[in-house]
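Below you'll find the structure, written out as structure tokens, and then a few comments.
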Amino acid sequence: METKTEADSTDITEHLHDDKPRPYVCTVCDKRFTRKGNMTEHRKRHTGENVYSCSQCEKRFSSRSSLRYHKNIHTSKYKCTECDRCCQNDKHLARHRRSHSGEKPFECTICSKRFTHAEDLAKHSRIHSGEKPYKCHVCDKAFSVSGSLRRHMRVHTGDNKLKKYKCHVCDKVFSQSGILNRHIRVHTGDKPHKCHICDKAFSQSGTLTSHMRVHSGDKPYKCSLCERSFSYSSSLVSHKRCVHSNRRPYHCPYCGKLFKTNNQLQRHVRIHTGAKPYSCRHCSERFTWHQKLKTHLLKSHNEGTWLTCRICQKKFTYSGHLKTHLRRHEGVKPYVCIECPKRFYTAGELKDHQLIHLGYKQFCCGSCGKYFSRKDTVKSHFRRCSDMLGSSDV
């Protein structure tokens with residue numbers, strides 16, 4: 001009977017719903033196995049004992065079966081017709097092909113999010129269950145995925161033992177050969193993952209998966225506080241921090257104004273420093289904001305494409321500005337105040353409104369010293385205040 005590899009069905013975390021007895025437990029990480037032989041091979045991961053070496057490359061393995069599957073990579077027996085990548089077996093090739101097709105056959109029964117691989121669904125399911133099956137035998141800290149445990153172990157064992165794969169170009173060291181292979185594409189420029197719709201290519205399959213949402217319009221990340229949804233999890237995190245959170249940890253060293261993100265602070269600082277990082281490649285003009293450069297290129301050099309509103313024909317340089325403008329025609333107000341039922345077209349309008357509930361007044365009249373919560377209010381007040389002071393001086 002053929003011995004199964006580490007990627008096969010002996011891992012309890014890949015079969016959350018089966019009831020096979022797994023009596024053999026690794027004393028290092030508490031991983032359980034159905035057979036003693038699989039547990040013995042697994043333990044070699046912790047000891048670093050790789051006794052089986054490939055005769056065609058320098059890679060070493062802890063089991064004979066792992067070496068045998070690895071050798072298929074050199075024979076090109078299981079070769080991807082899209083990117084010429086060679087896989088260990090037909091199952092790995094089928095898994096790899098999904099990175100090109102974008103197929104996601106595995107669906108979460110709780111939130112309907114879909115995944116390319118079964119193990120990705122298993123890892124995701126732990127978000128809902130809170131399960132953390134990977135425990136550190138040194139400090140009892142627990143993790144939901146084995147990779148997090150391996151990274152954590154460096155705290156106890158040191159980086160040098162675990163980082164053994166070195167880049168021959170820049171000497172950077174990695175803990176896994178797969179991570180090294182992805183890193184090498186930075187130097188080679190290799191982009192094996194191609195979009196079948198627009199032919200755009202990417203160095204990593206995950207980036208292609210994210211890109212496919214541009215074509216599908218899929219926005220799986222929904223905000224729990226308003227009706228907005230996003231294509232990327234990072235966009236949702238940024239949205240919650242910028243729109244729904246009142247925390248402002250970044251302060252301007254020149255005027256003390258507070259900001260929610262470091263990016264907002266860096267843009268603001270240009271007002272004080274006069275920095276103009278955006279330069280026109282056609283003339284000597286420089287700009288503080290990228291938006292101003294884009295508008296300049298359109299107006300002065302006829303470079304780029306105007307985005308036109310289909311209703312009133314108003315022109316915009318950015319798609320985001322056009323989308324915001326269209327909301328006013330359509331009456332869509334996706335930004336909801338968490339303190340009252342009022343709704344708004346833009347995040348900026350919501351932010352200004354929330355200052356009413358906070359009682360925060362950051363705008364000061366330069367004539368009389370009175371503070372206001374809104375910039376437009378202090379501007380109109382300043383005009384009246386200046387007129388009154390001017391007439392009283394007469």
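Some points to look at:
- Between the helical axis of 347-358 and the longest alpha-carbon principal axis of the chain there is an angle of about 70 degrees.
- Here's the list of lysines a cross-link from K191 could span, going by alpha-carbon distance under 16 Å and ignoring same-chain residues fewer than 8 apart: K200.
- In whole percents, the pair-distance distribution calculated for the chain from its alpha-carbon pairs, binned every 20 Å from zero, is 17, 44, 29, 9, 1, 0.
- Folded to 0 to 90 degrees: helix 319-330 orientation relative to the chain principal axis, Cα: 60 degrees
- Residue of R185, R383, R126 that the Gaussian network model of the chain assigns the largest fluctuation, springs spanning Cα pairs under 10 Å: R383
- Label-zone membership for the stretch 64-95, site T207, 7 angstrom Cα→C-beta point, backbone N under 18 Å: 83-85
- Amide H contacts of F174: K164, Y165, K166, C167, each under 5 Å away and 5 or more positions distant or on a separate chain (H built 1.01 Å from N in the peptide plane; Pro and chain starts excluded).
- Potential extension, Q56-C283 segment - 0.36 nm per residue separation minus Cα distance: 76.1 nm
- Entries in K292/K379; K194/K299; K113/K315; K240/K370 that, when Cα-Cα distance is taken, lie over 26 Å: K194/K299; K113/K315; K240/K370
- Angle between the chain longest axis and helix 205-216 axis [Cα atoms, degrees, rounded to 10]: 50 degrees
- Helical content alone sets the calculated 222 nm signal of the chain at -12500 deg cm²/dmol, taking -39,500 (n - 2.57) per DSSP H segment of four or more residues and averaging over every residue.
- Whole-angstrom gap from the stretch 193-233 to the stretch 272-334, using each part's C-alpha centre: 24 Å
- Percentage of interatomic Cα-Cα distances in the stretch 250-393 larger than 26 Å: 49 percent
Since every read-out is calculated from the coordinates, none of them should be taken as a lab result. The structure displayed is predicted, hence computed values, not measured ones. Here Cβ is always computed from backbone atoms with ideal geometry, including for glycine, and neighbour counts include all displayed protein chains.
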